[in-house]
Amino acid sequence: MAHGIVDVARAAGVSTATVSRALRGLPNVTHTTRERVRRAAEELGYVPSPTAASLATGRTRTIGLISPWVSHWFFAQVIEGAERALRAEDFDALLYTFEVDRGTRRLALDPGVLRRRVDGVLVVGLPLEPAEIAALDELGYPLVFVGPGAPDHVTVGLDDVDTARRAVAHLAELGHRVVAHLTGEPDDVLAWSPAVRRAQGWRLEVADRGLDPSPDLEVHGHFDVAGGRASMHRLLDARPDVTAVFAASDEMAMGAILAVRDRGLRAGEDVSVIGVDGHQMSEHLGLTTLAQDAYEQGVTAATMLLELLTGTPVPRDVVFPTTLIQRSSTRPVTEL
């Protein structure tokens, strides 16, 4: 089986962006790293894909980038990483965003707007319905998902179930027995959605550890600060016995911390809060989080898409790790 840039990056212990720079002789790569990448590429029999300039004529040299938002942390990080990787290969990004309002169902994706305008498509953080995925496939362009994937499609993202389980495990090991969960939108029910899979992980770990499994401990926070704040208030009104909360994103976790403060309580001391992302503001709020490298996910996804354009095989799923960063927002129950 032929190896791609992701395999070389893993073997050399570097990012896909570093592999690309090292093999193309670009600056900002140390001699030691460049040699390690070169040896890994030789051992795996990897040959770098042609750059965009050498691709067949008739290309638009543009990649369609579909995302519901550009202002939220995860989306902004992925888009920046993808755009920079594309620009390094003389490709442009055509951004296609949706108007997603809380409480209203979004419009269906119309792939026709991308026809003859792009060479490939990146879908960032948007769980698509099966019919929408089929419509994208009919365009005949290479397709890569970041975050919410789709069955039998190339996907770059996290193991969302495992990430959630690790978050709940952290709280349980601190002695918490009533661990609530802030999830996404009520109509987000697709099996491949990160919100659905993180909620699944929360339920599995709660069950395995014998914690309170009550359904009223799961509330919808809409993946933003305002939603996290409002949902945390509703949660504490209904369940004042909650001592810990796992939020499926750092932005919701930040909202939860604000709600705790609204009530004259202290995050960590009265209610422990943990999120997912590694948002740059999490350190300022003392937020415990499972950090991910969203920027590098964008770089990797864009690089893989360019490889698909040249017929180079890529792995079906690339799973990025998360790192637990413990701060003051989570503490043992004995300290409450």
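The values are calculated or read from the model by the stated rules, or taken from the named source; none is laboratory data. These numbers come from a predicted model, not from an experiment. Note that we place each Cβ from the backbone using ideal geometry, even for glycine, and neighbour counts take in every protein chain shown.
Among the residues of segment 177-209, count how many are of a type in the set (S, T, N, Q) and part of a loop (DSSP other than H, G, I, E, B).
1
Go over the candidates Gly298, Gly311, Gly275, Gly255 one by one and state the one that is within 22 Å of Asp224 (Cα to Cα) and outside the structural domain of Asp188 (by TED's automatic domain parsing).
Among Gly298, Gly311, Gly275, Gly255, only Gly298 is within 22 Å of Asp224 (Cα to Cα) and outside the structural domain of Asp188 (by TED's automatic domain parsing).
Go through segment 262-272 residue by residue and tally those that are charged (D, E, K, R) and either farther than 22 Å from Arg177 by Cα or not assigned by TED's automatic domain parsing to the domain that holds Glu283 (or both).
Counting residues in segment 262-272 that are charged (D, E, K, R) and either farther than 22 Å from Arg177 by Cα or not assigned by TED's automatic domain parsing to the domain that holds Glu283 (or both) gives 1.
Quick one: count up the residues across segment 168-195 that are buried (at least 18 other Cβ atoms within 10 Å of the Cβ) and under 24 Å from Ala76 (Cα atoms).
Looking only at that region, the number is 8.
List, please: which pairs have Cβ atoms under 8 Å, are six or more places apart or on different chains, and start with a residue in segment 262-291 that is free of Cβ contacts under 8 Å to residues at least 24 places away in the same chain and end with one that is aliphatic (A, V, I, L, M)?
Pairs found: Leu265/Val271; Arg266/Val260.
Only one of Glu173, Glu185 is of a type in the set (D, E, K, R), under 24 Å from Gly255 (Cβ atoms) and out of contact with any Asp or Glu (no Cβ under 9 Å at 6 or more places or on another chain); which?
Glu185
From the list Gly175, Gly157, Gly210, which one is modelled with pLDDT of 95 or more, in contact with a Ser or Thr (Cβ under 7 Å, 6 or more places away or on another chain) and not hydroxyl-bearing (Ser, Thr, Tyr)?
Residue meeting the stated conditions: Gly175.
I'd like to check something: does segment 194-205 contain any residue that is within 20 Å of Val271 (Cα to Cα), touching a helix residue (DSSP H, G or I) at 6+ places or on another chain (Cβ under 7 Å) and at pLDDT 95 or above?
yes
Does Phe145 count as surrounded by 13 or more Cβ atoms within 10 Å (Cβ to Cβ), of a type in the set (Phe, Trp, Tyr) and modelled with pLDDT under 95?
Taking the combined requirement at face value, the residue does not satisfy it.
What's the total number of residues in segment 237-254 that are free of Cβ contacts under 8 Å to residues at least 60 places away in the same chain and in a helix (DSSP H, G or I)?
Counting residues in segment 237-254 that are free of Cβ contacts under 8 Å to residues at least 60 places away in the same chain and in a helix (DSSP H, G or I) gives 3.
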